[in-house]
Structure formats: structure tokens, C-alpha cells
Amino acid sequence: MPAEPGEEPLATARRELREECGLTGGEWRKLAVFWTTPSGLDRARTWITRYVDEHAALVVIEGVGSYGAGLTGRVVNAGLTVVEPASIAAARCR
């Protein structure tokens, strides 16, 4: 999710959701930040699984086959469903 020069992270997230999925979000708030190191990805997976608790969840991760593969593998191994934003946009266009 590349930010535009001078763009705040929240604005980048909103723009990416609109561009990649054709969606807009309701209430936005920053919940967590994780480093893209192995231990950071493990913390992210733990946080995601605790945050969704026992609710059905669909986790959207960009770059599941490349730069997002580490987090994707950890989240899938935790039993959650992962999709990439492009697959959501493609499904909406059918």
C-alpha cells in the first residue's frame, strides 16, 4: 500500500480500500501497528486472532503471494480466511 507523498497512513488506508476494493469504510480508527519482522508478524497474527475472538472474520491482506505472504501464512494457520483486495474487486465486477 504505497502512500502518496505527504499522505497520512489513515488517508492511505481509505484510498487503498476505495481503489482496490471499490468500498468505503464506516468508522475508522487506528487499532494497532506492527513491524514487518518475523516477531512483528507473529504479534500481528496474535492480535488479529484475539481481536476477532470467536466472530466470523475475513482478513484482507495485500500482497498475499509476495510481501504479505509472511502475515498471510500466519493468519491462515490460525484458522482465519484471508483474501487479497484485488480478488474482492474482481468479485464485485462479476
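Side notes on the structure shown:
- In nm, spacing of pseudo-spin labels at residue 29 and residue 66 (7 Å Cα→C-beta vector): 3.4
- R0 of 25 Å, Cβ-Cβ distance residue 46-residue 4: FRET efficiency to nearest 0.05: 0.20
- Radius, Kirkwood style, for region 9-92 when every pair of distinct Cα atoms is counted (Å): 13.6
- Computed lengthening from residue 14 to residue 80, 0.36 nm per intervening residue step minus Cα-Cα distance: 21.4 nm
Computed from the coordinates by the stated procedures, all read-outs in this text should not be read as laboratory data. Bear in mind the structure is a predicted one, so any value in this text is a computation, not a measurement. Every residue, glycine among them, receives a Cβ derived from its backbone with ideal geometry; neighbour counts consider all protein chains shown.
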